[in-house]
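The values are calculated or read from the model by the stated rules, or taken from the named source; none is laboratory data. Since the structure is predicted, the reported quantities are computational estimates derived from the model, not experimental observations. No Cβ is skipped: glycine too gets one built from the backbone with ideal geometry, and neighbour counts run over all protein chains shown. In case anyone asks, the SASA skips ligands and DNA or RNA and just uses the protein heavy atoms, side chains included. Shrake-Rupley method; radii C 1.70, N 1.55, O 1.52, S 1.80 Å.
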Amino acid sequence: MSDVLNLVRADLAGFGGYSSARTAKLAGDVWLNANEAAWANPGDADGSCRRYPEPQPAALVAALADLYGAQPEQVLVGRGSDEAIDLLVRTLCEPGRDGVLFTPPVFGMYAVSARLQGARAIEVPLVDTADGLLPDIDAVIAAAIDSNAKLVFLCSPSNPGGRSVPLADVERVASVLAGRALVVVDEAYGEFADAPSAVGLMHEHANIAVLRTLSKAHGLAAARIGTLVADADLVALLRKVQAPYPIPAPCSALALAGLTPQARQLTGQRVQHIRAERRRLQDALAGLPIVRRVYASDANFVLVRFADARGAFQALLAAGIVVRDQRAAPQLDDALRITLGTPEQNDRVIATLRALKATA
Ligand SMILES: *Cc1c(COP(=O)(O)O)cnc(C)c1O
């Protein structure tokens, strides 16, 4: 048994979860054990949805393990990486006692899951440096120890900050917190970054886990397929905590079709294209007098501070372009986050903001 299991809620020791019709490994050619219909629904043309799906479809698990450089037993497939975040918080944190550490301004689901579980939210603000918004690693370690953090979320590249956390920093946090906390590296935008995945650190550090998703670079947000790569014993337990049959069959079929060698190659080309567009948008915006700062980005978006962020947001909206208003986020009261679109869409963003110069 792995040491990482010591981080799990004590009251979940030996938890078996729901025993579904797919739990027992039985063999037969007439399946009458799950109260499924004997005929397919007329809307289900190929009959692929008549039976409950495999809880963790083996072919999809294998494809994701290959994609992320992991072993199949280290892979948990969830309904988006959002589900994996929630499972981790519920499985590791005892309400009212344990904490979840994250680094605002950052993706909101860590706080939401912590709140729903009654776990303490431990916030260690990102520091605005010449290289961008980055975590203060010493402060993260100190706060995690002081406040009984069971989970430390490092978003890398971070949303909305855009920068990757250096792997050496991830490793340092994991070594110091070994036996105390699981360090979860959220790589939702990892495809767009230069740095390799923290999955490569997991042989040395069992208390590192990595979140990935098909929602961003792979263009399958509506399929809701997210992946947690973690210690195999922890994954086995999380599979019991997860709802029965969590992955709808049409979604796993879509994900498999999106991960063929040809599909992966095309996705790779599109990532390169977005990276080139990122440079172009950054260069175009950096020269505008209405822009205070364009942040470096390792993701498929750019964080920009404006002299008048509200005005810029409204001007873009008037031109039919919806960007993310970050003004309510800590440290970002003058910032917008702009997702990279097609070259034509990015041109429209640039032209709209250029035209604003005259009136600003
Ligand atoms: C979009 C996003 C996710 C959620 O991804 P899903 O797999 O669609 O749930 C997770 N983390 C970060 C940082 C994100 O920006």
### Query
Among the candidates ILE290, ILE321, which residue alone is at pLDDT 95 or above and crowded, with 19+ Cβ neighbours inside 10 Å?
ILE290
### Query
Name the pairs: first residue in the range 136-160 and at positive phi, second residue open to solvent by 10 Å² or more (accessible area, probe 1.4 Å), Cβ to Cβ under 9 Å, at least 6 apart or on different chains?
ASN148/ARG97; ASN148/ARG120; ASN148/ILE122; ASN148/ARG180
### Task
Hey, can you tell me all the residues within the range 325-340 that are among the β-branched types (Val, Ile, Thr) and open to solvent by 70 Å² or more (accessible area, probe 1.4 Å)?
THR339
### Message
If a residue must be surrounded by 10 or more Cβ atoms within 10 Å (Cβ to Cβ) and either small (Gly, Ala, Ser) or in contact with a His (Cβ under 6 Å, 6 or more places away or on another chain) (or both), how many such residues does the range 1-12 contain?
### Response
1
#### Entry: So ALA299, is it in contact with a Pro (Cβ under 6 Å, 6 or more places away or on another chain), under 20 Å from HIS218 (Cβ atoms) and surrounded by 15 or more Cβ atoms within 10 Å (Cβ to Cβ)
yes
### Task
Sort through ALA121, ALA111 and tell me the only one that's open to solvent by 20 Å² or more (accessible area, probe 1.4 Å), farther than 24 Å from MET202 by Cα, touching a strand residue (DSSP E or B) at 6+ places or on another chain (Cβ under 8 Å) and within 16 Å of the ligand (Cβ to nearest atom).
ALA111
### Task
Would you mind stating whether PRO343 is in contact with a helix residue (DSSP H, G or I) (Cβ under 9 Å, 6 or more places away or on another chain), exposed (fewer than 14 other Cβ atoms within 10 Å of the Cβ), farther than 17 Å from LEU134 by Cα and in contact (Cβ under 8 Å) with a residue 40 or more places away in the chain?
yes
### Message
So in the range 221-252, with the set limited to residues that are assigned to a helix (DSSP H, G or I), within 15 Å of the ligand (Cβ to nearest atom) and not hydroxyl-bearing (Ser, Thr, Tyr), which one is least open to solvent (accessible area, probe 1.4 Å)?
### Response
ALA223
### Task
Just name the residue that is farthest from VAL8 (Cα to Cα) out of those in the range 101-147 that are β-branched (Val, Ile, Thr) and more than 16 Å from the chain's Cα centre (by Cα).
THR129
### Message
Can you go through VAL199, VAL165, VAL184 and tell me which one is within 15 Å of the ligand (Cβ to nearest atom) and touching a residue at least 40 places away in the same chain (Cβ under 8 Å)?
### Response
VAL184
### the range 205-215 - residue that is more than 6 Å from the ligand (Cβ to nearest atom) and not hydrophobic (A, V, I, L, M, F, W, C) and, of those, surrounded by the fewest Cβ atoms within 10 Å (Cβ to Cβ)
HIS205
#### Entry: Scan of the range 99-111 for residues that are closer than 16 Å to LYS150 by Cα and β-branched (Val, Ile, Thr), ordered by number
VAL100, THR103
#### Entry: Out of LEU133, LEU154, LEU177, sole residue that is within 16 Å of the ligand (Cβ to nearest atom), at pLDDT 95 or above, open to solvent by less than 10 Å² (accessible area, probe 1.4 Å) and closer than 22 Å to ALA84 by Cα
LEU154
### Residue in the range 6-18 that is modelled with pLDDT of 95 or more, touching a strand residue (DSSP E or B) at 6+ places or on another chain (Cβ under 7 Å) and more than 23 Å from LEU256 (Cα to Cα) present
yes
### Query
Any idea which of ARG97, ARG22, ARG79 is open to solvent by 50 Å² or more (accessible area, probe 1.4 Å) and within 16 Å of the ligand (Cβ to nearest atom)?
ARG79
### Query
When the range 193-202 is examined, which residues are found to be surrounded by fewer than 23 Cβ atoms within 10 Å (Cβ to Cβ) and farther than 17 Å from ASP66 by Cβ?
ALA193, ASP194, ALA195, LEU201
### Message
If GLY14 satisfies all but one of (1) of a type outside the set (Asp, Glu); (2) assigned to a loop (DSSP other than H, G, I, E, B); (3) in contact with a Gly (Cβ under 7 Å, 6 or more places away or on another chain), what's the number of the condition it fails?
### Response
(3)
